[in-house]
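Asker: Here you go, one structure.
The values are calculated or read from the model by the stated rules, or taken from the named source; none is laboratory data. Here the structure is a predicted model, which means the values were calculated and not measured. Every residue, glycine among them, receives a Cβ derived from its backbone with ideal geometry; neighbour counts consider all protein chains shown. Surface areas here come from the heavy atoms of the whole protein model, side chains and all, with no ligands, DNA or RNA. Shrake-Rupley method; radii C 1.70, N 1.55, O 1.52, S 1.80 Å.
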Amino acid sequence: PLSPSGAQTTQILVEPPWRPAVLWDRVTLTCQGSGTAGATTWYKDGRRWGQQGRDRLNVTESGTYTCERDGTGLSPPVIVSEEQLVLQVPARALLEGEMLTLRCRY
């Protein structure tokens with residue numbers, strides 16, 4: 001991914017690809033960026049979390065997750081909640097006028 005300035009940035013890919021991400025969906029996060037492969041650091045609620053160095057993280061607790069890769073910096077946060085009722089939207093950029101699928105889940 002490119003930032004507006006054209007520099008490479010770190011992003012988190014959410015699977016399944018819906019937001020908000022909910023714990024009962026068995027969420028997997030993948031840290032993406034052009035930084036050194038295998039040099040990923042994960043953070044949950046601002047603290048180091050999980051097995052460092054792995055690009056993928058299977059989420060087992062709710063919280064706010066970010067990742068960092070050498071060379072491309074810290075990703076925007078992804079929130080994984082424990083809510084029982086959620087209205088979800090696709091976890092991707094949407095364009096004006098594009099059809100949008102919403103899903104209400106309980």
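Asker: Pull out a ≥ b ≥ c, the square roots of the eigenvalues of the alpha-carbon gyration tensor of segment 11-106, then state rounded if a/c is under 1.5, prolate if not and a/b is larger than b/c, and oblate in the remaining case. Could the numbers behind the result be given before it?
Answerer: On the way: a/c = 2.60, a/b = 1.47, b/c = 1.77.
Taking the square roots of the gyration eigenvalues as a ≥ b ≥ c, segment 11-106 is oblate.
Asker: While we're here: Run the numbers on the chain and let me know its relative contact order in percent, using alpha-carbon pairs under 8 Å that are six or more apart.
Answerer: Details: 229 pairs, mean separation 29.9, N = 106.
The normalised contact order for the chain reaches 28 percent.
Asker: Could you give the longest part of the chain that holds none of the trypsin sites (Lys or Arg not before Pro) found in DSSP loops with at most 13 neighbouring Cβ atoms within 10 Å?
Answerer: Values: sites that count: Arg26, Arg92.
For trypsin sites (Lys or Arg not before Pro) (loop position, at most 13 other Cβ atoms within 10 Å), the longest site-free span of the chain is 27-91.
Asker: Starting from the amide H of Val22, placed 1.01 Å from N in the peptide plane, find each other amide H under 5 Å away whose residue is 5 or more places distant or on another chain.
Answerer: Residues meeting the amide H criterion: Ser81.
Asker: FRET efficiency for Met99 and Ala39, Cβ-Cβ distance as r, R0 = 35 Å, nearest 0.05?
Answerer: Details: r = 39 Å, r/R0 = 1.11.
Between Met99 and Ala39 the formula returns 0.35.
Asker: Heavy atoms only, probe 1.4 angstrom, no DNA, RNA or ligands counted: give me Glu68, Glu83 ranked by accessible area, highest first.
Answerer: Details: Glu68 70, Glu83 105 Å².
Of Glu68, Glu83, the descending order of accessible area is Glu83, Glu68.
Asker: Could you order Tyr43, Tyr65 by accessible surface area, starting with the largest, using a probe radius of 1.4 Å?
Answerer: Details: Tyr43 45, Tyr65 0 Å².
Largest to smallest exposure gives the sequence Tyr43, Tyr65.
Asker: Using a probe of 1.4 angstrom, how much of the accessible area of segment 11-105 is carbon and sulfur, in percent?
Answerer: Details: 2990 of 5860 Å².
Carbon plus sulfur share of accessible area: 51 percent.
Asker: Enumerate the calculated ³J(HN,Hα) couplings along segment 24-29 in order (Karplus 6.51 cos²θ - 1.76 cosθ + 1.60, θ = phi - 60°), each rounded to whole Hz, writing x wherever the residue is Gly or Pro.
Answerer: Calculated HN-Hα couplings, in order: 6, 8, 6, 6, 10, 10 Hz.
Asker: Right, here's the next one. Hey, in the chain, which Cys have no second cysteine's beta-carbon closer than 4.7 Å?
Answerer: So, Cys104.
Asker: Counting DSSP beta bridges with both partners in the chain, what percentage is antiparallel, nearest 5?
Answerer: Details: 26 of 28 bridges.
Of the beta bridges lying entirely in the chain, close to 95 percent run antiparallel.
Asker: Next question, about the same structure. Work out the FRET efficiency for Glu83 and Asn58 from their Cβ-Cβ distance, taking R0 = 22 Å, and round it to the nearest 0.05.
Answerer: Values: r = 19 Å, r/R0 = 0.88.
Efficiency, rounded to the nearest 0.05: 0.70.
Asker: A follow-up question, please. Output wanted: per-residue J couplings in Hz (rounded whole) for segment 92-106, from phi through Karplus 6.51 cos²θ - 1.76 cosθ + 1.60, θ = phi - 60°, x for Gly and Pro.
Answerer: Per residue, the Karplus-derived 3J(HN,Hα) values read 8, 5, 10, 9, 4, x, 6, 5, 10, 9, 10, 9, 9, 10, 10 Hz.
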